[in-house]
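The values are calculated or read from the model by the stated rules, or taken from the named source; none is laboratory data. All values derive from a computational prediction rather than experimental measurement. A quick note on method: Cβ atoms are made from the backbone with ideal geometry, for glycine too, and the neighbour counts reach across all protein chains shown.
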Amino acid sequence: MQQNMKNKLIAVDMDEVLLETAKGLLNFYNYTFAEKPIQYNDIIRYNFETIPGYETTVEYAVEYFMNFLESSEAKNILPVQWAKDKLNYLKSLGYKFVIITGRAEKLEHISREYIKKHYPNIFEEMYFCGYYTENQKDKYTVCQELGITTIIEDHLENSIKYAQQGIEVILLDKPRNQDYNPQIHKHITKVKSWDEITLG
């Protein structure tokens with residue numbers, strides 16, 4: 001019985017899975033990146049500095065993100081459609097949820113406030129992995145520590161890593177994971193929206 005309940009702890013990524021971060025980001029910069037026009041569907045790579053035609057430095061890309069996420073405009077990021085309703089429904093079935101995000105700890109307060117506002121009483125805890133900081137921690141390591149068996153993600157490369165370790169991945173369709181195909185790994189299931197998500 002204890003193992004069954006443990007398996008009901010589901011990890012959820014934050015940016016692009018719960019929040020329409022990229023759309024808010026582009027709006028903040030008037031749809032420009034690296035001094036060039038850019039649209040949402042142009043974001044075909046997780047790391048902006050590697051998007052074809054927009055190559056720049058990691059430092060530039062990190063500053064681009066952080067300037068937005070630390071601004072007052074970041075509070076206006078829209079939640080992803082159907083996420084709240086689906087999470088509440090799954091929670092009513094006995095599932096529990098945690099957020100595992102690559103965001104830095106310096107963004108913890110604003111991130112928690114956002115989740116409290118848009119996803120009240122849904123998540124047990126939030127874990128900040130601090131990507132691009134000195135204290136960076138791999139999201140898979142956090143999954144291991146928590147005994148996560150299922151994660152909802154948008155990052156294809158991370159999803160492959162989880163799947164190779166036996167974690168079931170629900171991959172939310174985004175422009176940057178169009179390289180996915182069903183043969184990549186049996187533990188990865190791609191869905192068009194939260195409305196399609198089911199948990200076994």
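For segment 77-112, filtering for residues that are part of a helix (DSSP H, G or I) and within 17 Å of the chain's Cα centre (by Cα) leaves 10.
Within the bounds of segment 42-60, is there any residue that is within 19 Å of GLU73 (Cα to Cα) and in contact (Cβ under 8 Å) with a residue 12 or more places away in the chain? Within segment 42-60, not a single residue is within 19 Å of GLU73 (Cα to Cα) and in contact (Cβ under 8 Å) with a residue 12 or more places away in the chain.
Note on segment 114-128: residues that are within 16 Å of the chain's Cα centre (by Cα) and part of a strand (DSSP E or B) total 5. In segment 20-41, the condition of being closer than 30 Å to GLY200 by Cβ, out of contact with any Cys (no Cβ under 9 Å at 6 or more places or on another chain) and not aliphatic (A, V, I, L, M) is met by at least one residue.
Screening segment 158-186 for residues that are part of a helix (DSSP H, G or I), under 15 Å from THR141 (Cα atoms) and not basic (Lys, Arg) and picking the one that is modelled with the lowest pLDDT gives ASN158. For segment 114-134, residues that are modelled with pLDDT of 95 or more and acidic (Asp, Glu) total 2. Looking across ASN30, ASN67, one residue alone is in a loop (DSSP other than H, G, I, E, B), farther than 25 Å from TYR180 by Cα and of a type outside the set (Asp, Glu). It is ASN30. Restricting ALA61, ALA11 to residues that are assigned by TED's automatic domain parsing to the domain that holds TYR119, outside any loop (DSSP other than H, G, I, E, B) and crowded, with 17+ Cβ neighbours inside 10 Å narrows the list to ALA11.
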